[in-house]
Amino acid sequence: MSATFVGMPAFPDAARSALADSQLRGNLAHATSTIRGKRAQVVGEVSEWEELRLAGAAIKDNTLHHLDEHLLRLERSLTERGATVHWARDAAEACAIVAGIAQQHGVDEVVKVKSMATQEIELNEFLAEQGIAAWETDLAELIVQLGDDLPSHILVPAIHRNRAEIREIFRAKMPGAPDDLTDNPADLAAAARLHLRQKFLSARMAVSGANFAVADTGTLMVVESEGNGRMCLTLPDILVSVVGIEKVVPSWDDLDVFLQLLPRSSTGERMNPYTSTWTGVTPGDGPQEMHVVLLDNGRTRALADEVGRQALRCIRCSACLNVCPVYERTGGHAYGSVYPGPIGAILNPLLRGVGHDKQLDSLPYASSLCGACFEACPVRIDFPEVLVHLRSKVVDAHRGRAERGVRCTLRAERPVRLGRAPKPEAVAMKAASWALRDAGRLGRLERLAGAAGRLLARVLRRSAPGGRRVLGSLPGPGARWTTARDVPAPPTESFREWWQREGGRS
Amino acid sequence: MRAALLVTCINDAVFPDTGKAVVRLLSRLGVDVEFPSGQTCCAQPMVNTGYLDEAVPVVRSFVDAFAGYDAIVAPSGSCAGSVRHQHGIVARRSDDAALAAAVAETSARVYELSEFLVDVLGVDDVGAYFPHAVTYHPTCHSLRMLDVGDRPMRLLRAVRGLRLTELPAAEECCGFGGTFAVKNADTSVAMGADKVRHVRETGAEVLVAGDNSCLMHIGGMLSRQRSGVRVLHLAEVLASTEGR
Amino acid sequence: MSGAREEILASIRTALRDAPPEVEVPRGYRSSPPPADLVALFDERVTDYRATVTRCALVDVVEAIRSALGDAARVVVSGDLPYPVDGALDDDLSASELDAVDAVVTTAAVGIAVTGTIVLDHGPGQGRRALSLVPDRHVCVIRDDQIVAGVPDAIARLDPARPQTWISGPSATSDIELDRVEGVHGPRQLHVVVVRED
């Protein structure tokens, strides 16, 4: 796959291109409204939904707050059950571990279960460099892989493609795709079944992620729909699971919360078609050699952020994407990461740090703070709170160090050298802060605006319904407002002046 | 009953008629309205853009201005939400325990207008008359930050002469989002375009909401499109008696 | 990579210096009242996934299985299936050999009414995991006393040490326009036989 997120422009620019693609917007609007309706219906069936959300958040928080202990218990349980546990600080270490296992067994082809962690570390690209072919077996991942495309959604990476586009990708890129392939989803799924069957039957090694890892028992769980996961987890001899360290839950019993929250939030089903659990090696059944790679790759950095660490509760359901009005219009590619949408807007800066990359720094601003994501989140991640917090971290990272008078506590990999010239926005905020800390100053500015308003009332000819005079264009940064929106002219008198004049009588 | 009007900076400077309407409405309902003259802004523009240090003196001036009032009424879900949910964050940033204590005091007494009318005064029918076809946009912060629920609708349904039409996809954000409207202007406008389309589908003459910031955005597009649809703050509808 | 383990654990401990105390997990959901007729609900919810459900008395189970197998010529079962079925026993068949099989008959460990789920823990009668995966038709026989109300009841009954497969309808995908279609890599036909034990 040559497609890459590297070098993506900052969100506003990437969004502008996406917004211009009417096919994309049509596909997204259709898909997200379908899933929103399904989710709302099955969530509405569960009378204790709010309590389940609280329970999910509490379990995850309790686990995260003692993550070291839970990981050590997980390691012990897995080892006792015959699995080999590896630890990887970053993507490079994790990729090297997986490739090393393949090379040790002389394997040059692996089948893959859809996994966000392996996408995050760009495992397929690394394996390809080592001469190892990685076959994505999830239908949407296959569409992305065949189309030399990038994922744009957590659950449905090819959500930006409609059925007609998918048929074209299959016809052009899938060996043995029937010439008379229709764009009926059932036919497209059947073509994928045929295409991957031989791979499943002959694969010696599989790579998976895990939705949950149970510390007490060493049980891993994969939640899926198509059966490609079951194939990968069952038929090969060797199974390597790359698991983010935040995926651990303390006990088996805790899954009774997440197996209710996840399917309903994710695919909008009461239960997803297939869930597999396995606890180490089972003699005579499934892979007889198992490896688990526990992946950090920025998670401990996120954990150190006392407001942001709640993002590590995320169970990758993608409900936040489906309800997000920004995501619905821009699609996932604009976020420049395998984690798009609201969760991407917070997780990427948390995992990778702010202040060193314009694209990352733009993500916390890729939200109108409408809060629909918080409302839908099954583990109650307070997205608006985290977004606003991360915005302050972005701003702080760009302040002169001396100005703040504190030591740099940022944990960015690269030491940050930022331009000292303040942005116009910073100047404006400082000015606003100066004016708004004193009602006298504000009142004087309002009197100036009132004078302008009286002048404009005489010269402006356009008015909005109701009679209010409007301006059709503003200079400077205000021009970004008036591209599509009129703006009311200043009133001839502020409320404050009216109150003083009238003494509060209406 | 005595209440302090938190008029909000945008209403003070750009939409004074909304402030006047709140004064008229509350006075009609027997409330003794005061306007603490030291007030400026809730600091939300700074907080939401990430400028916490700049927000500290503004929040300080806010708590000074509103100290001692039992009820503080704001014709804005967004500003009321900012005070209740964000002033604590700003106070923590200041490392000033006295400010934190003052913030806790004042923020608990801030009500969005429909909350104040329904919960504190206990009225649904404020005696208004507004003989127009209206549709209502429940702004995000009223809906999801403050959880005002159906209070604005209950107030509107009791207005004589008012014909209320349901807004399709009402709960979806209009795309304003404060500085989002200029930092991500294209996305903001795309969201606004859909909101405007839904408003126009209702055939209403007037779009009503509880936040003039959102209405400035939606209304700016409605005006640009020469739609003929007028935008009006909830307070102005509730204050209206149209000559009666 | 032993350095990685120590470094990650150290980073976690540093990150958690200010961690708040544990919070209580609300567990009221575990005692919500069960639906009135579990079997009827299970039937309805399994059917909702476009799986087929047959309910029968124990005396009729063999006939019900035969009917569920329909025209399947090559049938495989685990050696310890408690019902007589005409089919080959799973004699450590390779994946390719399983692929040539039309149908499999298994029992199950637990059924979940609210979600319409059958859970296999690959114990007696259920065979190893590949057995119920590769053949295109899966006939699953479950006793009505194995059906519980919701997910919490199932989790409480199941042994995490055993591999498990939770099955809710036939293989499906929502990957094209988020529209669910049945039939991808797993069995494309799922037939659940619910046996009344009286």
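At a glance:
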{"read-out": "Beta bridges by DSSP in chain C, antiparallel share as percent, to the nearest 5", "value": "25 percent"}
{"read-out": "Helical segments meeting 20 Å axial Cα length and Kyte-Doolittle 0.5 threshold in chain B (DSSP H)", "value": "B:52-66"}
{"read-out": "Proximal charge balance of residue C:178 [Cβ under 13 Å; K/R count +1, D/E count -1]", "value": "+1"}
{"read-out": "Proxy reagent accessibility, fewest Cβ within 10 Å first, across A:282, C:47, C:115", "value": "C:47, A:282, C:115"}
{"read-out": "Residue-by-residue Karplus 3J(HN,Hα) for the range B:161-176, coefficients 6.51, -1.76, 1.60, Hz, glycine and proline x", "value": "x, 7, 9, 9, 10, 6, 8, x, 6, 4, 7, 7, 4, 7, x, 5"}
{"read-out": "The range A:25-114 shape via C-alpha gyration tensor axes, a/c threshold 1.5", "value": "oblate"}
{"read-out": "Rg in Å to one decimal, and Dmax rounded to a whole Å, for the protein assembly as shown via C-alpha atoms", "value": "30.3, 97"}
{"read-out": "Rg over Rh [alpha-carbon atoms, Kirkwood Rh] for the range C:36-196", "value": "0.95"}
{"read-out": "Antiparallel DSSP beta bridges within the range A:211-368, percent to nearest 5", "value": "55 percent"}
{"read-out": "The range C:125-196, Rg to Rh (Cα coordinates; Rh as Kirkwood inverse mean 1/r)", "value": "1.00"}
{"read-out": "Chain C: relative contact order in percent, alpha carbon pairs under 8 Å with at least 6 residues between", "value": "25 percent"}
{"read-out": "Using alpha carbons only: equivalent-ellipsoid semi-axes of the range B:2-120, gyration tensor based, whole Å", "value": "24, 15, 12"}
{"read-out": "Computed E for residue C:196/residue A:202 - FRET, C-beta separation, R0 41 angstrom, nearest 0.05", "value": "0.40"}
{"read-out": "Excluding exposed DSSP-loop GluC sites (Glu not before Pro) (at most 13 other C-beta within 10 Å), longest clean stretch of chain B", "value": "B:1-165"}
{"read-out": "Computed over chain A: relative contact order in percent, which uses C-alpha pairs under 8 Å that are six or more apart", "value": "18 percent"}
{"read-out": "Chain A - Rg over Rh from alpha carbon coordinates, Kirkwood radius", "value": "1.04"}
{"read-out": "Reachable lysines from residue B:195, criterion Cα separation under 30 angstrom, eight or more residues apart if same chain", "value": "A:38, B:20, B:183"}
{"read-out": "For the range C:24-77 and the range B:30-102, distance of Cα centres in Å", "value": "58 Å"}
{"read-out": "Helix-only [θ]222 nm of the protein assembly as shown, DSSP H runs n ≥ 4, -39500 (n - 2.57) each, per residue, nearest 500", "value": "-13000 deg cm²/dmol"}
{"read-out": "Cα centroid of the range A:297-316 to Cα centroid of the range B:179-224, whole Å", "value": "35 Å"}
{"read-out": "Given 14 as the ceiling on other Cβ atoms within 10 Å, longest exposed-site-free region of chain A for GluC sites (Glu not before Pro) in DSSP loops", "value": "A:46-305"}
{"read-out": "Amide H contacts of residue A:249 (H built 1.01 Å from N, under 5 Å, at least 5 apart or other chain)", "value": "A:213, A:214, A:215"}
{"read-out": "Charge-dipole axis of the range B:1-159 as Lys and Arg at +1 and Asp and Glu at -1 on Cβ define it, positive-most pick from B:132, B:98, B:81", "value": "B:132"}
{"read-out": "Cα-based Rg of the range A:443-502 normalised by 2.2 N^0.38 Å, two decimals", "value": "1.20"}
{"read-out": "Amide H partners (placed H, <5 Å) of residue A:297, local residues excluded", "value": "A:90"}
{"read-out": "Inverse mean reciprocal Cα-Cα distance (Kirkwood Rh) of the range A:195-243, Å", "value": "11.5 Å"}
{"read-out": "Residue-averaged beta-carbon neighbours from other chains (10 angstrom radius) around A:464-471", "value": "6"}
{"read-out": "Cβ-based charge dipole, the range B:12-87, positive-most Cα from B:42, B:27, B:59", "value": "B:27"}
{"read-out": "Distance violations [Cα-Cα > 20 Å] among A:393/A:423; A:247/A:358; A:199/A:247", "value": "A:247/A:358; A:199/A:247"}
{"read-out": "Pair residue A:51, residue A:438: separation of 7 Å Cα→Cβ label points (nm)", "value": "5.7 nm"}
{"read-out": "Pairs of alpha carbons in the range A:290-376 whose separation is greater than 23 Å (percent)", "value": "21 percent"}
{"read-out": "From phi via Karplus (6.51, -1.76, 1.60), per-residue ³J(HN,Hα) for the range C:91-97 in Hz, x at Gly/Pro", "value": "10, 6, 5, 6, 4, 5, 5"}
{"read-out": "Sum of side-chain charges, residue B:49 neighbourhood, beta-carbon under 10 Å (Lys, Arg +1; Asp, Glu -1)", "value": "0"}
{"read-out": "Cα-based convex hull, the range B:133-239, per residue volume (Å³, whole number)", "value": "89 Å³"}
{"read-out": "Rounded to whole Å, sorted largest first: equivalent-ellipsoid semi-axes of the range B:181-244, Cα gyration tensor", "value": "24, 14, 9"}
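Since every read-out is calculated from the coordinates, none of them should be taken as a lab result. On a predicted model such as this, the values are computed, not experimentally measured, just so you know. Don't worry about glycine lacking a Cβ; one is built from the backbone with ideal geometry, like all the others, and counts go over all protein chains shown.
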